[in-house]
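Some notes on the structure that comes next.
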Amino acid sequence: MGLNIIMFSGTADKFIPLGVISQTAANLGIPVSIFVTGWALAGFLKDGQKNVNRMPSEFADMVPMLQKGLQDIKAPSWYEMLKSAKEIGSVKIYACSLMTEVYKIKTKEQLDGIVDDIVGAASFMQQSGGGQIIFI
């Protein structure tokens, strides 16, 4: 069993923990499957990591501090962490077939190379095999 993540949010504050959790799990030898749907899919389009720059408005006053803190500690981007997680261990990223239709995406090649496949929610749920699922 492994960790299954459903990534829905399109804001940067959610992509950071996606990278951290995935990289940590990979370092611990825990397989990770990520199902990208909703607003999050924009971050997985070709060069999509550039689309992940919005923060929730209710935290607008804290954004400069967060950005400076991340820069000060030289934290890798969510994308770098996720890419590293894929290189370290068993991490798979799946784009939601329904949302790819909404975005008019016909083939996996239209997505960032970090995406392994386009699958439906039912396939992802079956593949998760009753393992832990978290929703971001």
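Provide S123, S22, S128, S33 in ascending order of the number of other Cβ atoms located within 10 Å of each residue's Cβ, fewest first.
Fewest-to-most Cβ neighbours within 10 Å comes out as S123, S128, S33, S22.
Taking the Cα centre of the chain as origin, work out the dipole magnitude from +1 charges on Lys and Arg Cβ and -1 charges on Asp and Glu Cβ, in debye rounded to 20.
Details: 12 positive and 12 negative charges, 32 e Å.
Dipole size: approximately 160 debye.
Looking only at A122, A42, A26, which one moves most when the chain is put into a Gaussian network model with springs between Cα atoms under 10 Å?
A122
Calculate, in nm to one decimal, what M125 and E101 gain on full extension: separation in residues at 0.36 nm each, minus their alpha carbon distance.
6.7 nm
Take D13, D47 and order them by how many other Cβ atoms sit within 10 Å, fewest up front. Don't skip to the end; give the middle numbers.
Numbers: D13 17, D47 7.
The most exposed by this proxy come first: D47, D13.
Show the residues, 5+ positions off or on another chain, whose built amide H is closer than 5 Å to the amide H of V91.
V32
Once the piece of chain linking R54 and E87 is laid out straight, how much longer is it, given 0.36 nm per residue of separation minus the C-alpha distance between them?
Length difference between fully extended and current span is 9.2 nm.
Given the C-alpha centroids of segment 73-94 and segment 9-38, what is the distance between them in whole angstrom?
8
Sort Y79, Y94 by Cβ crowding within 10 Å, fewest neighbours at the top.
Details: Y79 19, Y94 23.
Starting with the residue having the fewest Cβ neighbours, the order is Y79, Y94.
Given N residues in segment 64-136, what is Rg(Cα) / (2.2 N^0.38 Å)?
Values: Rg = 15.5 Å, N = 73, 2.2 N^0.38 = 11.2 Å.
Compared with the compact-globule rule of thumb, segment 64-136 sits at 1.38.
With 13 Å as the cut-off, how large is the P(r) tail for segment 62-102, expressed as percent of Cα-Cα pairs? Mind showing how you got there, number by number?
Working: 555 of 820 pairs.
So the pairs more than 13 Å apart make up 68 percent of the total in segment 62-102.
Give the dimensionless ratio obtained when the Cα radius of gyration of the chain is divided by 2.2 N^0.38 Å.
1.03
With the crude spin-label approximation of a point 7 Å out along Cα→Cβ, what separation in nm comes out for Q71 versus Q110?
For Q71 paired with Q110, the spin-label model returns 3.6 nm.
Would you mind checking the pairs K68/K106; K74/K104; K50/K106; K50/K108; K86/K106 and listing those with alpha carbons more than 27 angstrom apart?
K68/K106; K74/K104
Coordinate-derived values only; no laboratory data. These numbers were taken from a predicted model, which means no experiment stands behind them. Because the Cβ atoms are built from the backbone with ideal geometry, glycine has one as well, and the counts that use them run over all protein chains shown.
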